Structures are given as structure tokens and as C-alpha cells.
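Here is the structure we will look at.
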Amino acid sequence: MGALDAVAGRVAGGATVEFRPSGSSMVPLIRSRQQVVVAPVDPSKLEVGDIVLARVAGTVYLHRVSSVDPAGKRVQISNNRGRINGWTSHHRVYGICVSVDGVTRSGAAGKTLAADSNAPS
């Protein structure tokens, strides 16, 4: 089980989660260990450039949406360095990154599901 699997489970369950992912695949959008907040998302509202928490081929990533296929109800996930992880269905997209180090991500508004009663944790 990868480091993001537990986070994905919580977000899939309706929680908004704060955590500090590690790695450099999303620089400069997200640097290693910056605090991110991920909220449950309505995948039908996703656009290219959104940062999502999604499972692709068995691995959970916090990566960008690089293409959308509304008819097929799927999105393509890629890092910020040009590597494409692959296509995944809407039901495997758990959440959208709404802020990085306290700075709200433009474009995330209106894409989250109804807020839960839990404070970010």
C-alpha cells in the first residue's frame, strides 16, 4: 500500500484532508512536503490543469488532469514534468487539491462535493 492510499480512502469517504506529500514530480505547483488540502470532487466538473488525487493502474497519485473524456467518463493523469500516468475512470478520482501551503488553487471552486462536517485533518 502506497503512502497516498490511506489519504485516498479518507477522501473517498467524504473527508477533506490536509497532508504533506513528498516528491518532485509536481514542482513548481507543489513542492515536496508542502501542505496540501484535498477535498472530495465531482469528477464530471474536472478540467485540464486541475490537481487531483486519483488511482491510475493501481497507484494513487496527486497529479494533474492532462486530458478529459466526458463521454467516456474518464480523465488522463500526468505529473508536471511531462510523464503521463494514464487514463482513469471518474470513480477512481477521489479529490481535488483546493490549496497548497494555504494558497487557494484557482479553478477548484465549484468542483468539490458538499462539504463534510469534519474539519480538515
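The values are calculated or read from the model by the stated rules, or taken from the named source; none is laboratory data. Quick caveat: nothing in here was measured; it's all calculated off a predicted structure. Reconstructed Cβ throughout: ideal geometry from the backbone, glycine too, with neighbour counts over all protein chains shown. What goes into the accessible areas is simple: the full protein's heavy atoms, side chains included, and nothing from ligands, DNA or RNA. Shrake-Rupley method; radii C 1.70, N 1.55, O 1.52, S 1.80 Å.
Residues Gly14, Gly107: which one is at pLDDT 95 or above and of a type outside the set (Ser, Thr, Tyr)?
The unique qualifying residue is Gly14.
Which of (1) closer than 21 Å to Asp5 by Cα; (2) open to solvent by 20 Å² or more (accessible area, probe 1.4 Å); (3) part of a strand (DSSP E or B) is the odd one out, the single condition Val68 does not satisfy?
Going through the list (1) closer than 21 Å to Asp5 by Cα; (2) open to solvent by 20 Å² or more (accessible area, probe 1.4 Å); (3) part of a strand (DSSP E or B), Val68 breaks only (1).
Just give me the residues in region 47-65 being open to solvent by 60 Å² or more (accessible area, probe 1.4 Å) and farther than 23 Å from Ala6 by Cα, in sequence order.
If the condition is that a residue be open to solvent by 60 Å² or more (accessible area, probe 1.4 Å) and farther than 23 Å from Ala6 by Cα, then Glu47, Val48 are the ones that fit.
So, of the residues in region 1-20 that are open to solvent by less than 20 Å² (accessible area, probe 1.4 Å) and not β-branched (Val, Ile, Thr), which turns out to be farthest from Arg92 (Cα to Cα)?
This residue is Ala15.
Of all residues in region 71-80, how many are assigned to a loop (DSSP other than H, G, I, E, B) and more than 17 Å from Cys97 (Cβ to Cβ)?
3
Yes/no per residue for (1) within 12 Å of the chain's Cα centre (by Cα); (2) closer than 13 Å to Leu29 by Cβ; (3) touching a residue at least 40 places away in the same chain (Cβ under 8 Å):
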position	(1), (2), (3)
Pro43	yes, no, yes
Leu46	yes, no, yes
Ile51	yes, yes, yes
Arg55	yes, no, yes
Val65	yes, yes, no
Asp69	no, no, no
Ile77	yes, no, no
Arg83	no, no, yes
His91	no, no, yes
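What about Val38, is it assigned to a strand (DSSP E or B) and either without any contact (Cβ under 8 Å) to a residue 24 or more places away in the chain or loosely packed, with under 12 Cβ neighbours inside 10 Å (or both)? Explain how you work it out, then say what you get.
Working: assigned to a strand (DSSP E or B): yes; either without any contact (Cβ under 8 Å) to a residue 24 or more places away in the chain or loosely packed, with under 12 Cβ neighbours inside 10 Å (or both): no.
Spelling it out, it is not the case that Val38 is assigned to a strand (DSSP E or B) and either without any contact (Cβ under 8 Å) to a residue 24 or more places away in the chain or loosely packed, with under 12 Cβ neighbours inside 10 Å (or both).
Kindly establish whether Ser44 is under 16 Å from Arg81 (Cα atoms) and at pLDDT 95 or above. Show your work before the answer.
Details: under 16 Å from Arg81 (Cα atoms): no; at pLDDT 95 or above: yes.
No, not satisfied.
Please work out which one of (1) outside any loop (DSSP other than H, G, I, E, B); (2) within 15 Å of Gly110 (Cα to Cα) is the condition Glu47 fails and give its number.
Only one criterion is unmet by Glu47, namely (1).
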